[in-house]
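Comments concern the structure below.
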Amino acid sequence: MRTMNIKSKEDIVNYVNEVGYLPFFRNHIAGFSLENMVEPIYWYDGFSDKEIKWPAWTWREEITKEKSLIYGKFF
């Protein structure tokens, strides 16, 4: 599996189009999640002016609104 440092929502779309899917959060497959692959400054950066700074989550919202990819929870 190819790994990469994701730095933008376009990187996410390109990776998922190449691989097929990408779990958002860390899981039992080492290194295979957006949380593992995104540059640390784009993951979760706390609060700023009473607003949560979490670029990766914002990208997820934008990607689904653009209908570039589908986000879902699976059991």
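Where a number appears in this text, it was derived from the coordinates with a stated rule and is not lab data. Here the structure is a predicted model, which is why all the values come from computation and not from measurement. We place every Cβ from the backbone using ideal geometry, glycine too, and count neighbours over all the protein chains shown.
Among (1) under 10 Å from the mean Cα position of the chain (by Cα); (2) exposed (fewer than 10 other Cβ atoms within 10 Å of the Cβ), where does Ala30 come up short?
(1)
Here's the yes/no breakdown for (1) out of contact with any Lys or Arg (no Cβ under 9 Å at 6 or more places or on another chain); (2) hydrophobic (A, V, I, L, M, F, W, C):
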position	(1), (2)
Ile12	no, yes
Tyr15	no, no
Pro23	yes, no
His28	yes, no
Gly31	yes, no
Glu35	no, no
Asp49	yes, no
Lys53	yes, no
Glu61	yes, no
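Taking the criterion of being surrounded by fewer than 14 Cβ atoms within 10 Å (Cβ to Cβ) and either outside any helix (DSSP H, G or I) or touching a Ser or Thr at 6+ places or on another chain (Cβ under 6 Å) (or both), would at least one residue in segment 14-22 satisfy it?
The answer is yes; a qualifying residue exists.
Only one of these conditions is not met by Pro40: (1) touching a Phe, Trp or Tyr at 6+ places or on another chain (Cβ under 6 Å); (2) loosely packed, with under 10 Cβ neighbours inside 10 Å. Which number is it?
Status for Pro40: all satisfied but (1).
Among the residues of segment 39-75, which ones are under 17 Å from Asn17 (Cβ atoms) and in contact (Cβ under 8 Å) with a residue 12 or more places away in the chain?
Trp59, Arg60, Glu62, Ile63, Ser68, Leu69, Tyr71
Give me a count of the residues in segment 50-73 that are surrounded by 11 or more Cβ atoms within 10 Å (Cβ to Cβ) and assigned to a loop (DSSP other than H, G, I, E, B).
4
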